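Below is one structure, written out as structure tokens; the observations come after it.
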Amino acid sequence: MKDAPIVWADDAQTGAARHISEVEPGLACHCVCTGCHAAMEAVNSKNPNPKHRPHFRHDKAPILEDCARQAILKATIKTLMEVTEIELPELRKQGKAVAQDGMEFEAEVTEQPQLVKIQNIEQVDVADVISCVKV
Ligand SMILES: [Zn+2]
């Protein structure tokens, strides 16, 4: 993760997640690292023909092992907070069932993919997010 380009950072004033495409270049981005809170510089954020992928880099502090991971986590949570529905995939359940005559048999039920509304999202810690959906 240390070598992954950081494309998300925190707004220095509000703490909101900012993508590299939505900020001014250089220190005018007014962002800090999500992982270590160091000042960030936006590279190629408004360059229409960049030689390198637009990204954030630390202005003066060294990048830490956790910086890119924290940025990705915060961006993922931001995205989850913005969506209102999620599609659950097809679900197959297998098991034993008993017929009216008492004979056991193998059964399989397939639930079709369904669109469900997200009612609440809660971040438990850096590894887990709980999503409550209404089916
Ligand atoms: Zn950092």
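If you go through the stretch 33-81 and pick out every residue that is among the polar types (S, T, N, Q) and on the phi > 0 side of the Ramachandran plot, you end up with 1. Annotation: of all residues in the stretch 63-94 being away from the ligand (no atom under 16 Å from the Cβ) and among the acidic types (Asp, Glu), the one that is nearest to the chain's Cα centre (by Cα) is Glu82.
Number of residues in the stretch 95-114 that are within 38 Å of the chain's Cα centre (by Cα), exposed (fewer than 10 other Cβ atoms within 10 Å of the Cβ) and part of a strand (DSSP E or B) equals 3. Of all residue pairs spaced 6 or more apart or on separate chains, those with beta-carbon atoms under 6 Å, a first member in the stretch 65-77 that is in a helix (DSSP H, G or I) and a second member that is more than 10 Å from the ligand (Cβ to nearest atom) are Ala68/Met1; Ala68/Ala4; Arg69/Met1; Ala71/Trp8; Lys74/Ala17; Ala75/Trp8; Ala75/Ala17; Ile77/Gln123.
Does the stretch 47-56 contain at least one residue that is under 27 Å from Asn120 (Cα atoms), outside any helix (DSSP H, G or I) and in contact with a strand residue (DSSP E or B) (Cβ under 7 Å, 6 or more places away or on another chain)? No, the stretch 47-56 contains no residue that is under 27 Å from Asn120 (Cα atoms), outside any helix (DSSP H, G or I) and in contact with a strand residue (DSSP E or B) (Cβ under 7 Å, 6 or more places away or on another chain).
Looking across the stretch 33-62, the residues that are more than 16 Å from Arg18 (Cα to Cα) and within 12 Å of the ligand (Cβ to nearest atom) come down to Asp59, Lys60, Ala61, Pro62. Scanning the stretch 2-32 for residues that are touching an Asp or Glu at 6+ places or on another chain (Cβ under 7 Å) and at positive phi yields Gly26, His30.
Where strands (runs of 3 or more DSSP E) fall wholly inside the stretch 1-44, the ranges with 2 or more residues that are surrounded by fewer than 15 Cβ atoms within 10 Å (Cβ to Cβ) are 26-32.
Bear in mind that the values in this text are calculations on the coordinates, not laboratory data. Being a predicted model, the structure only gives us computed values, none of them experimental. Neighbour counts run over all protein chains shown; Cβ positions are idealised from the backbone, glycine included.
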